[in-house]
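Here the structure comes first, spelled out in structure tokens, and everything after it is commentary.
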Amino acid sequence: NADKGTDSPEAEPDPTTDRPPARLEELKAFDFDALEPQLQLSYRIYERQTERWIESDQYRHTGYAITHQRGPHTSVPSFLINIHRITDLSDASAWVARLEAVPERFDQEIARIERRAENHVFAPDWAYPMMIEAAENVITGAPFDDVGKDSTLLADIKTKLAKIDISNEDKSAILASTEKALLERVRPSYEKLITLLEAHSALASGDDGIWKVPEGEAYYNMKLRHFTTTDLTAEEIHQLGLENVARIHGEMRQIVTKVNFEGTLQDFFAFMRTDPQFVLPNTDDGRVEYLRVATNYIDVMRTRLSEVF
């Protein structure tokens, strides 16, 4: 709903119920051979996603619930700023309603984090300072303090309100509601999360491989199958990567010889990165040329998409 906060992924009904298996059974009601090719593809994709959902459920408390790359501390402001558009008073009111729903969302996420802590699943210790800093940044600026600038969320709503046609009274009311929600709903939620992250930081280690957590190896191998759609082992994939890097470097050395470049392959990389002949001027003409070249590359890529997809 437009005026509701976004639930945590684990706020959904527990996947250990019969819902995913029931969905697979529902698929059997369709005559696959009678479907159009595009619908057959959709069928197979949905079937595969559901099968993976069922297989993944046993590890639902194994992966990190929050990291320096994702989590409620960043997803909430990111959604409000980048996704939630405001075109009228109703949209603005819904924006404020999402702020007011932050405590419920954060409580869900904190429960996920604590559930994993019970299983000794913590992000690497070096990630915690970044998570804490990112959370603190959201509650920095007006109306949280008097540093002289608006917080990111307050600045966002002001910018969006300035672009819509509503009365000054309505704008003032929305801003007042925003500041109240920020102070009474958002700040306590972020402070609660920061306190938890600080406590977990002291318990975390510098190990950053998933192997460190219970059932980590099995979880890793499952993810490996899902992401590669193969039964290759991690060692086989690593070796495949080494072989392809060696192959590509061999082809690059042929180019180095062809253009009569004197130096090692690493020297050639540095030359390609820094020589002025490979850099467009930082001017309007340069930008136009960059767009032309980039568009040409994309057009050429399009002609070969069917080879790889």
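The values are calculated or read from the model by the stated rules, or taken from the named source; none is laboratory data. Bear in mind that the values here come from a model prediction, so they are computed numbers and not experimental data. A quick note on method: Cβ atoms are made from the backbone with ideal geometry, for glycine too, and the neighbour counts reach across all protein chains shown. Accessible surface is based on the protein model in full, side chains and every heavy atom, while ligands, DNA and RNA are left aside. Shrake-Rupley method; radii C 1.70, N 1.55, O 1.52, S 1.80 Å.
Keeping all protein chains in the complex and leaving out DNA, RNA and ligands, what accessible area do you get for residue 44 with a 1.4 Å probe, in Å² to the nearest 10?
Spelled out: residue 44, probe radius 1.4 Å, area about 110 Å².
For the chain, modelled as a Gaussian network with Cα springs under 10 Å, which listed residue fluctuates most, 46, 220, 290?
290
Counting Lys +1, Arg +1, Asp -1, Glu -1, what net charge surrounds residue 87 among other residues with beta carbon under 12 Å of its beta carbon?
Here the count lands on 0.
Please compute the length gained on full extension between residue 259 and residue 81, using 0.36 nm multiplied by the number of residues separating them and subtracting their Cα-Cα distance.
59.2 nm
Efficiency by 1/(1 + (r/R0)^6): what FRET value for residue 215 and residue 27, r their Cβ-Cβ distance, R0 = 35 Å, to the nearest 0.05?
Once the sixth-power term is evaluated, E becomes 0.75.
Okay, helix-only estimate at 222 nm for the chain: each DSSP H run of n ≥ 4 adds -39500 (n - 2.57), divide by all residues, round to 500 deg cm²/dmol; what do you get?
-19000 deg cm²/dmol
For the range 85-152, with every protein chain kept in place, what is the accessible area per residue (1.4 Å probe, Å²)?
Heavy-atom accessible area per residue stands at 48 Å².
Suppose accessible area is computed on protein heavy atoms with a 1.4 Å probe; arrange 309, 144, 106 from highest to lowest.
309, 144, 106
Using a Förster distance of 51 Å, how high is the FRET efficiency between residue 244 and residue 140, based on the Cβ-Cβ distance and rounded to 0.05?
0.65
Label the range 98-152 by shape, choosing from rounded, prolate and oblate, from the square roots a ≥ b ≥ c of the eigenvalues of the Cα gyration tensor; if a/c is under 1.5 it is rounded, and otherwise prolate applies when a/b is larger than b/c, oblate when it is not.
The shape class here is oblate.
Not counting ligands, DNA or RNA, and with a 1.4 Å probe, what is residue 245's accessible surface area in Å² rounded to the nearest 10?
Its accessible surface works out to 70 Å², give or take rounding.
Ignoring any ligand, DNA or RNA, what whole percent of the accessible area of the chain comes from carbon and sulfur when the probe is 1.4 angstrom?
54 percent
Quick check: the distance between the Cα centres of the range 156-191 and the range 278-309, to the nearest angstrom?
For the range 156-191 versus the range 278-309, the Cα centre distance is 42 Å.
Using the alpha-carbon centroid of each, what span in Å lies between the range 221-276 and the range 59-79?
Using only Cα atoms, the two centres lie 32 Å from each other.
Would you tell me the accessible area of residue 248, worked out with a 1.4 angstrom probe on the heavy atoms of the protein chains, in Å² to the nearest 10?
70 Å²
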